[in-house]
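Engineer: One structure, as structure tokens, below. Some questions next.
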Amino acid sequence: LGDRVLARLGRESGAVIRDPYGRRLTWLVPPHATEGWVVPETSWVQLLSTTQHVTVPPGWCTRSASPHWIRSWADHGLTDARLLYVVLDAVIRAEHGPREHEGGAGR
């Protein structure tokens, strides 16, 4: 799912950390930017709050068996949270189909 989101965002994506162990991608967005997001549990998308932590690799670490940058912080900064949600919602809907009784992106 994460790789499809990254491909759709393309150059619009901000910094992204890949965690090979957890098989996940982490986008960095402004604090509280994901409040109100609705994602189905079956998508395996996890929204982290300001009270949770993320392993942040050193800036030079772009290839590793440990967490590493696939889009560096220095070059790309934060991702536009609204755009990330729109793309994430589209990818989830393409994979899992329409969601019953839920609003779409931007709700």
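The values are calculated or read from the model by the stated rules, or taken from the named source; none is laboratory data. Keep in mind the model is a prediction, meaning the values are calculated, not measured. Positions of Cβ are backbone-derived with ideal geometry, glycine not excepted, and every protein chain shown enters the neighbour counts. Heads up: the accessible areas ignore ligands, DNA and RNA and are worked out on the full protein's heavy atoms, side chains in. Shrake-Rupley method; radii C 1.70, N 1.55, O 1.52, S 1.80 Å.
Engineer: If a residue has to be more than 17 Å from SER43 (Cβ to Cβ) and open to solvent by less than 10 Å² (accessible area, probe 1.4 Å) to count, how many in the range 1-15 make the cut? Walk me through how you get there before you give the answer.
Structural biologist: Here is the first cut: in the range 1-15, the ones more than 17 Å from SER43 (Cβ to Cβ) are 10-15.
When the remaining residues are screened for being open to solvent by less than 10 Å² (accessible area, probe 1.4 Å), the result is 13-15.
Going through the range 1-15 one residue at a time, the tally reaches 3.
Engineer: Moving to a separate point now. Just give me the residues in the range 36-59 being open to solvent by 50 Å² or more (accessible area, probe 1.4 Å) and under 14 Å from the mean Cα position of the chain (by Cα), in sequence order.
Structural biologist: Once the filter is applied, which keeps residues that are open to solvent by 50 Å² or more (accessible area, probe 1.4 Å) and under 14 Å from the mean Cα position of the chain (by Cα), the range 36-59 yields VAL38, TRP44, GLN46, LEU47, LEU48, SER49, VAL54.
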